[in-house]
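Coordinate-derived values only; no laboratory data. Just so it is clear, the structure is predicted and the values come from calculations on it, not from any experiment. When we count neighbours, we look across all protein chains shown, and the Cβ atoms used for this are built from the backbone with ideal geometry, even at glycine.
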Amino acid sequence: MQQSVRQTTLAALPNAVVSREQFARTPSSRDGIPASLQDRLRMFGCELIQSAGVLLSAPQVTMATAQVLFQRFYFVESFRDMDLLDMVAGALFVAAKVEETPKRITDIVNVVHFLRQHRRHLDTAPLDGFTQDYYNLRNGLLTAEWRLLVALGFDVHVQLPYSLMVNYLQAMGLSGKKSLVQRAWNYLNDALRTPIYVLHQPHTIACAVIQLAARHEQLPMPEDPPWWQVFEADATEMQAVNGWLGRLYADPLTDDEARTLPLNREELARYLKQSSSRH
């Protein structure tokens, strides 16, 4: 088993991950945006991407890739320098190309318009392609696409941990335990709203969600030697992954809070000013 598993692990290209210094000193931090707000904005943006992807009938792999690209971008650029809603559209557009599930610009623009208007309780009718609002959203998407590609050095490779997680369970003879597989899969989806995918490699994330799912399913796992060592995962990193998930579940983004979060740089400036005046 070890040889086949090792081949599976090594076949996966590594993802670009942020360093500790990048994580601690983001461009947004240098621009005076509190770390707690950055976390909420990343979560908010990823939830918007997921919602937009569902409305576009995009496959989960496209939505997941878009969320990872969105997260990566805001570790190298500031929320003050790129409108969040434009990057939601741009990340989806790029991810759809990367995953060979292309979507028309018009469709993405209208879905993003719908999400924005619905959040503001305004008219959600599709935009006329000749209006200024349509032009602004389309231009914002194309600008975000270019900014994303340049910021990431055109490295838009994203190795997702879903197939690794399933392969690992198969290798351990656990793929038939449907509730375990589904729970681990759900954890992978939820983890997209956290920085997990830009901090850890896919094999670590896969092992972490298996460990967490097995714990909740009260399923004993081999400990001598620890099962995750076969998959070259580190226990400390796995603990860090599950720590992020624990914090996500302890403090989820509510609909009421999401309605208050800024969608663009102007709204962000007002939000920060109001927060400062309250303190």
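Overall, the chain carries a charge dipole of about 240 debye about its Cα centre when +1 sits on the Cβ of Lys and Arg and -1 on the Cβ of Asp and Glu, all other atoms neutral.
I'd like the FRET efficiency for Tyr249 and Ser19, computed as 1/(1 + (r/R0)^6) with the beta carbon distance as r and R0 of 22 Å, rounded to 0.05. It would help to have the intermediate numbers written out before the result.
Numbers: r = 27 Å, r/R0 = 1.22.
Result of the calculation: an efficiency of 0.25.
Multiply the residue gap between Ala269 and Leu122 by 0.36 nm, knock off their C-alpha separation, and tell me the result in nm, one decimal place.
Values: separation 147, 0.36 × 147 = 52.92 nm, distance 2.23 nm.
Residue separation times 0.36 nm, minus the Cα-Cα distance, leaves 50.7 nm.
Only aspartates and glutamates eight or more places from Lys177 in sequence, or on another chain, were considered; those with a Cα closer than 14 Å are Glu217.
With 0.36 nm allotted per residue and the present C-alpha distance subtracted, the Gln132-Ser36 stretch has 31.1 nm of extension available. Summary of the geometry: the stretch 176-195 and the stretch 218-279, compared by the centres of their Cα atoms, lie 14 Å apart. Summing Lys and Arg as +1 and Asp and Glu as -1 over all other residues whose Cβ lies under 13 Å from the Cβ of Glu77 gives a net charge of +2.
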